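What follows is a set of notes on a single structure, which appears directly below.
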Amino acid sequence: MRHTPRILLWMTCALVVVLGVLAAAPQSVLAHNTLESTDPPDGAVLAAAPSQIVFDFSAAVPLDTSTVQVIDPTGARIEAPLSHDPAGPDRLVASLGPLPPGAITVRWRLVGPDGHPLTGRVNFTITPPTAAPTTPAPTSTPPPVAAQTPPPSPPPSAPTEVTDTDGDTEFSVPSALRWLLRYASYLAVMTVIGVVLTDRYVWPGASQRAVLRQAMQGALIAIAGLAVAQLLVLTSDIAGRAPWSSFGSLDAAIGTGAGMAMAVRLLLAGGLWLLLFHTTTVDEEVRASALALGGLAMLGTWAWAGHSATQRWAEIGFPLDVAHHAAAALWITALIVVGVVATSKLDADQLTPVVRRLSTTASISVAVIVVTGIVQSIRLVGNPTQLLEADHGKYLAIKLLAVGAMLIAASVNRRRVQAGLGHTSPVTSASVPQLRRTILVEFALGLVVIGITSAMVVSPPATTDATVPAQGDRSTANSHHYTL
């Protein structure tokens, strides 16, 4: 007999432990930093070369993941030493060496604790010194040699952005690949926790089926591999080079909240893989508990390094996010497990109670998703009138439409199940194909919702200060890349 209360107790204790460990690590108050101003400002024309450039950001700037490169008129590149201004860690000071007259480009980049890289440029011009006037020679005695008139000094050059061909080819992982890594990671984590919860609440013994054990094994391997890939993307963001050339920035990457989350996810996936497939003496109940706890902990790494733990009301954001994604994992995974595996492995009599439990579980999961989603939307969007002012809100609106379509499909499914089963009628062989089709439609919509969620995390919510700086930094607003 299964001991559900004991499992729930273990799951609760584990979540408390994971939350405490992650909360002990430092992280930023806001997920998205913004360059507010610089001194000298972008576009300035200076009579003398400055000794430093000061960047004012909206939040603290980590020195170990920040770089400033100075490009002089000859194309020479110099990495500027960085320090925090005594006024606070949100003010970054880059020391500048001797600079020749002409157009100067200062390129800056930083990766925040949440893993978001930001880049930008500041351009200013140093005017050449004006030549002193020449005194003409006396005219009483003809000079033996005609006096040389110095050429006129060139006019000060207008502030222009340097065409930096080498710098423009600085490596950046394509956004499509970043999204694909996030999407695949979501699916892999949700597969592990979803199969475990489906076994617990929908189809007892499902996790012992060979096809589902193989799916969990593949998902755990994928989680580990994707965590490594995403960690390398983060090192690339810090170093500004290709991932395979950025291993020197690995320590700095792991020092960020996002990097630590990836490392924890990698360790959890490896440990669960060993426990599930390379141990034979562990009690099955312990094994199932470890899988459930490990899966929830992996969901916790998403919540901890994302918007849920870095925006307002973070105290409730973390558990709400875990509950939201756990309910989604149960709903979506149970659909594919029942719609594909159960309908093909079980006869009609065995399938009847499974389908009924799926209907009940889906209803509870939907309620959890809706309630937690509403609270999270209020946290991240704030005023409803701001919903469409940021990309995050636009993605949220699209996600709501997709979830609505999914709920309609689920409602149709439940009506068909209730009409076919009633309270005592079993599933018939004739009703299985139609049941499978409607379940798979609902599952396909779930995949769309996960894809939209993967896109949402790259965009700053409306409650952040991530706006286009007025002082002329043209690249900041489009440089957010969430690497989880």
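Suppose we filter 82, 35 for residues that are surrounded by 14 or more Cβ atoms within 10 Å (Cβ to Cβ), of a type in the set (A, V, I, L, M, F, W, C) and modelled with pLDDT of 90 or more; which single one remains? Outline the logic, then answer.
Numbers: 35 fails: modelled with pLDDT of 90 or more.
One residue alone meets the criteria, 82.
List every residue pair whose Cβ atoms sit under 8 Å apart, with the two residues 6 or more apart in sequence or on different chains, where the first one lies in the stretch 33-53 and is free of Cβ contacts under 8 Å to residues at least 12 places away in the same chain and the second, anywhere, is of a type in the set (Gly, Ala, Ser) and part of a loop (DSSP other than H, G, I, E, B).
none
Output the number of the condition that residue 117 fails; it satisfies all remaining conditions of (1) touching a Lys or Arg at 6+ places or on another chain (Cβ under 7 Å); (2) surrounded by fewer than 17 Cβ atoms within 10 Å (Cβ to Cβ).
Just one mismatch for residue 117, condition (2).
Is it the case, given these coordinates, that residue 288 is at pLDDT below 90, under 30 Å from residue 363 (Cα atoms) and buried (at least 18 other Cβ atoms within 10 Å of the Cβ)? Full working, then the answer.
On the way: at pLDDT below 90: yes; under 30 Å from residue 363 (Cα atoms): yes; buried (at least 18 other Cβ atoms within 10 Å of the Cβ): yes.
Considered against the rule, which asks whether it is at pLDDT below 90, under 30 Å from residue 363 (Cα atoms) and buried (at least 18 other Cβ atoms within 10 Å of the Cβ), residue 288 comes out as yes.
If we scan the stretch 249-272, do we find a residue that is in a helix (DSSP H, G or I), touching a Lys or Arg at 6+ places or on another chain (Cβ under 9 Å) and surrounded by 22 or more Cβ atoms within 10 Å (Cβ to Cβ)? Let's see the steps before the verdict.
In the first step, residues of the stretch 249-272 are kept if they are in a helix (DSSP H, G or I); the result is 249-254, 257-272.
Narrowing further to those that are touching a Lys or Arg at 6+ places or on another chain (Cβ under 9 Å): 249.
Now restrict to residues that are surrounded by 22 or more Cβ atoms within 10 Å (Cβ to Cβ): 249.
Yes - at least one qualifying residue is present in the stretch 249-272.
Conditions first: (1) within 28 Å of the chain's Cα centre (by Cα); (2) more than 15 Å from residue 118 (Cβ to Cβ). Residue 60 passes all but one, so which condition is the exception?
The failed condition is (2).
Against the condition at pLDDT below 85, in a helix (DSSP H, G or I), surrounded by 15 or more Cβ atoms within 10 Å (Cβ to Cβ) and over 22 Å from the mean Cα position of the chain (by Cα), how does residue 359 come out, does it pass?
Numbers: at pLDDT below 85: yes; in a helix (DSSP H, G or I): yes; surrounded by 15 or more Cβ atoms within 10 Å (Cβ to Cβ): yes; over 22 Å from the mean Cα position of the chain (by Cα): yes.
Criteria met by residue 359.
Assuming residue 218 fulfils every condition listed in (1) farther than 30 Å from residue 107 by Cβ; (2) among the small types (Gly, Ala, Ser); (3) surrounded by 15 or more Cβ atoms within 10 Å (Cβ to Cβ) apart from one, which condition is it?
For residue 218, the failing item is (3).
Tell me which residues, restricted to the stretch 198-256, are of a type in the set (D, E, K, R) and in contact with a helix residue (DSSP H, G or I) (Cβ under 6 Å, 6 or more places away or on another chain).
Here is the first cut: in the stretch 198-256, the ones of a type in the set (D, E, K, R) are 199-200, 209, 213, 237, 241, 251.
Across the stretch 198-256, the qualifying residue is only 199.
Here are the criteria: (1) crowded, with 17+ Cβ neighbours inside 10 Å; (2) under 17 Å from the mean Cα position of the chain (by Cα); (3) modelled with pLDDT of 85 or more. Tell me which single one residue 201 does not satisfy.
The failed condition is (2).
Rundown of residues vs (1) farther than 23 Å from residue 258 by Cα; (2) out of contact with any Ser or Thr (no Cβ under 8 Å at 6 or more places or on another chain); (3) in a loop (DSSP other than H, G, I, E, B), yes/no style:
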| residue | (1), (2), (3) |
| --- | --- |
| 59 | no, no, yes |
| 64 | no, yes, no |
| 69 | yes, yes, no |
| 84 | no, yes, no |
| 89 | no, yes, no |
| 97 | yes, yes, yes |
| 103 | yes, no, no |
| 123 | yes, no, no |
| 130 | yes, no, yes |
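Consider residue 181 carefully, then state whether it is over 22 Å from residue 286 (Cα atoms) and in contact with a helix residue (DSSP H, G or I) (Cβ under 8 Å, 6 or more places away or on another chain). Full working, then the answer.
Details: over 22 Å from residue 286 (Cα atoms): yes; in contact with a helix residue (DSSP H, G or I) (Cβ under 8 Å, 6 or more places away or on another chain): yes.
For residue 181, the condition - over 22 Å from residue 286 (Cα atoms) and in contact with a helix residue (DSSP H, G or I) (Cβ under 8 Å, 6 or more places away or on another chain) - is met.
Answer yes if at least one residue in the stretch 233-242 is at pLDDT 90 or above and closer than 21 Å to residue 361 by Cβ, and no otherwise.
no
Please find, among 41, 62, the residue that is at negative phi, out of contact with any Cys (no Cβ under 8 Å at 6 or more places or on another chain) and at pLDDT 90 or above. Talk me through it step by step, then tell me what you get.
Working: 62 fails: at pLDDT 90 or above.
Selected residue: 41, the only one of 41, 62 that is at negative phi, out of contact with any Cys (no Cβ under 8 Å at 6 or more places or on another chain) and at pLDDT 90 or above.
Just to be sure before I move on: is residue 240 farther than 16 Å from residue 178 by Cα, touching a residue at least 60 places away in the same chain (Cβ under 8 Å) and not hydrophobic (A, V, I, L, M, F, W, C) in the structure I sent? Reasoning before the result, please.
Details: farther than 16 Å from residue 178 by Cα: no; touching a residue at least 60 places away in the same chain (Cβ under 8 Å): yes; not hydrophobic (A, V, I, L, M, F, W, C): yes.
Against the criterion (farther than 16 Å from residue 178 by Cα, touching a residue at least 60 places away in the same chain (Cβ under 8 Å) and not hydrophobic (A, V, I, L, M, F, W, C)), residue 240 does not qualify.
Under 9 Å between Cβ atoms, which residue pairs at least 6 apart in sequence (or on different chains) link something in the stretch 71-96 that is within 23 Å of residue 59 (Cα to Cα) with a partner that is among the basic types (Lys, Arg) and surrounded by 14 or more Cβ atoms within 10 Å (Cβ to Cβ)?
84/91; 85/91
Among the numbered criteria (1) modelled with pLDDT of 90 or more; (2) under 25 Å from the mean Cα position of the chain (by Cα), which single criterion is violated by residue 254?
Condition not satisfied by residue 254: (1).
The values are calculated or read from the model by the stated rules, or taken from the named source; none is laboratory data. Please read these numbers as outputs of a predicted model, since none were measured by experiment. So basically every Cβ, Gly included, is an ideal-geometry build from the backbone, and we count neighbours across all protein chains shown.
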